[in-house]
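Below is one structure, written out as structure tokens, with a few remarks after it.
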Protein chains: 2
Amino acid sequence: MRVEIWSDIACPWCYVGKARFEKALDAFPHRDQVEVVHRSFELDPGRAKGDVQPVLAMLTKKYGMSEAQAQAGEDNLGAQAAAEGLDYRTRDRDHGNTFDMHRLLHFAKEQGRQDELIQLLYRANFAEERSLFGEGDERLVELAAEAGLDTDAARKVLADPAAYADEVRADEAEAARLGANGVPFFVLDRTYGVSGAQPAEVFAQALTQAWGERSPLKLVDQGDAQACGPDGCAVPRH
Amino acid sequence: MRVEIWSDIACPWCYVGKARFEKALDAFPHRDQVEVVHRSFELDPGRAKGDVQPVLAMLTKKYGMSEAQAQAGEDNLGAQAAAEGLDYRTRDRDHGNTFDMHRLLHFAKEQGRQDELIQLLYRANFAEERSLFGEGDERLVELAAEAGLDTDAARKVLADPAAYADEVRADEAEAARLGANGVPFFVLDRTYGVSGAQPAEVFAQALTQAWGERSPLKLVDQGDAQACGPDGCAVPRH
């Protein structure tokens, strides 16, 4: 079974939702037959690369919240994160463009290091004092190295704005096609969708349901297959 | 869309079928949204690692063919391969155990080099004069390097019989569950199955059919999602 998770590094519910999903996955009896793929989604695609802003200022300006409302939201997120055993910095976080992080995540996917990298990016953004957005590419290169990626290769990906850009756009187009207008968005075997940071129980139920309903394949053209099996390789009759 | 291909390096129809599938895939309009994954299947899992035998001797002994029948089968395969632009050595090929190649292919998958490696393994087995089976691990390390893998890492995988062994077994169990008793076996989005080295037109039809029938997701628990979208992050109501 395959689970695809659309998310954004700038999305606190994605950070919390990932932990809840993983709690369900760890307890799932067929865990070793579940493959997890992370897909790109930008919450703020119109923001310029260097445009870094404190989260509270972004919330009040972009969404018209009062500062007290915005801070209450952050405090609530901090409490929900803590309940999952996650550190969360409720004061003085930054917000910025995440396109390059998504490009880097696609490179990491090719190298089998995607889950390691996304976890480090979340941690850097939500739990650490240093701003993930304020130090440019070298901060991302550092995290890429920590995730087990080659430093020079990561630097090269970041320096070329076209590298993996199509892959990011394709993920985003696919999210739209699947009807996801927010993240996190979990898709199980392209059959079941789970929207949002649901409780682990909901993920457990979705995993069980999708697993149980894996349908038998419809076979296309069953005649005269040129194939090899335990009894040898078929010699075609036509 | 995802296409999974179960195959064995020792399977000539897999070599030919891959080329036919790729012909269809190259012409498929949504080609850039199709991901291909190679899965393990052993035609001769009971054969000991060092037990290398000429193909003709294997065919006559294991399947009770006459030497003329076996050679006619090889000549036919050579002609079918040639029709796909593939080299095929119809004389003096070797046969042996492929478990370690499958383990290495799982490592290559993690490194984003699976397709490169399987193509090189096929070529080495079916088209080259040197035996793929007769030279031990170092021949595989050489091909791994050619596929862009780290030489030391590949050598380490080969030296440890447990490395990626579970992944190979899981693929084989999955093939059995899906009803594949021969290879190549192509599975599109876990919905359509294509058995054998079908003509490119059959693959084209299967790709079109599976693409057109991608079904809308069933959403699990739509209430009260803790998610972030273009209008900000939801503050939970419970």
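Laid out as a table, the results:
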| read-out | value |
| --- | --- |
| Cross-link reach list, lysines versus A:LYS61, counting only Cα pairs under 25 Å and skipping chain neighbours closer than eight places | A:LYS49 |
| Residues with amide H under 5 Å from that of A:VAL36, placed H, sequence gap 5 or more | A:VAL3 |
| Solvent-accessible heavy-atom area per residue, rounded to whole Å², over the stretch B:2-212 at 1.4 Å | 40 Å² |
| Between helix B:200-212 and chain B: long-axis angle, C-alpha atoms, 0 to 90°, nearest 10 | 20 degrees |
| Average silhouette area of the protein assembly as shown, convex hull of alpha-carbon atoms, in square nanometres | 22.7 nm² |
| Pairwise burial A:B, computed as accessible area of each alone minus the pair, summed, 1.4 Å, Å² | 4900 Å² |
| For chain A: relative contact order, % (alpha-carbon pairs under 8 angstrom, 6 or more apart) | 28 percent |
| Calculated FRET value between A:ALA159 and B:ALA153, using beta carbons and R₀ = 25 Å, to 0.05 | 0.45 |
| Where labels lie 7 Å past Cα in the beta-carbon direction, separation of A:ARG169 and B:ASP51 in nm | 5.4 nm |
| Nonlocal amide H pairs with B:LEU219, under 5 Å, H built at 1.01 Å | A:GLY193 |
| Residues whose placed amide H lies under 5 Å from that of B:HIS95, excluding near-sequence neighbours | B:GLN53, B:VAL55 |
| FRET E, pair B:HIS30, B:ARG123, Förster distance 35 Å, beta-carbon r, rounded to 0.05 | 0.80 |
| Accessible surface of chain A [probe 1.4 Å, protein heavy atoms]: carbon and sulfur percent | 50 percent |
| A:SER66 versus A:ASP92: modelled label distance in nm, points set 7 Å from Cα along the beta carbon direction | 2.6 nm |
| Other-copy label distances relative to A:PRO216, 7 angstrom Cα-Cβ extension, nm | 2.8 |
| Shortest-first distances to equivalent copies, position B:VAL34, nm, label 7 Å out along Cβ | 3.0 |
| Using θ = phi - 60° and Karplus 6.51 cos²θ - 1.76 cosθ + 1.60, couplings along the stretch A:44-55 (whole Hz; Gly, Pro as x) | 9, x, x, 6, 5, 3, x, 7, 9, 9, x, 4 |
| Between the stretch A:106-179 and the stretch B:39-95, the Cα center-to-center distance that results, in Å | 45 Å |
| Of A:LYS62/A:LYS156; B:LYS23/B:LYS62; A:LYS18/A:LYS109, pairs whose Cα-Cα distance is over 26 Å | A:LYS62/A:LYS156; B:LYS23/B:LYS62 |
| Of A:PHE28, B:HIS95, A:SER7, farthest towards positive along the dipole that unit charges on Lys, Arg, Asp, Glu beta carbons give the protein assembly as shown | A:PHE28 |
| DSSP bridge orientation in chain B - percent antiparallel, rounded to nearest 5 | 65 percent |
| The protein assembly as shown, helix-only ellipticity at 222 nm - DSSP H runs n ≥ 4, -39,500 (n - 2.57), divided by all residues, nearest 500 | -14500 deg cm²/dmol |
| Base-10 log of normalised Debye intensity for the stretch B:1-148 (one unit scatterer per alpha-carbon) at q = 0.09, 0.11, 0.21 Å⁻¹ | -0.29, -0.43, -1.45 |
| Pairwise label distance in nanometres, A:GLU213 with A:ASP231, each label 7 Å out on the Cα-Cβ vector | 3.8 nm |
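The values are calculated or read from the model by the stated rules, or taken from the named source; none is laboratory data. Bear in mind that the values here come from a model prediction, so they are computed numbers and not experimental data. Neighbour counts are summed over all protein chains in view; Cβ atoms, including those assigned to glycine, are modelled from backbone coordinates with ideal geometry. When the accessible area is computed, the model is the full protein with side chains, heavy atoms only, and any ligands, DNA or RNA have been set aside. Shrake-Rupley method; radii C 1.70, N 1.55, O 1.52, S 1.80 Å.
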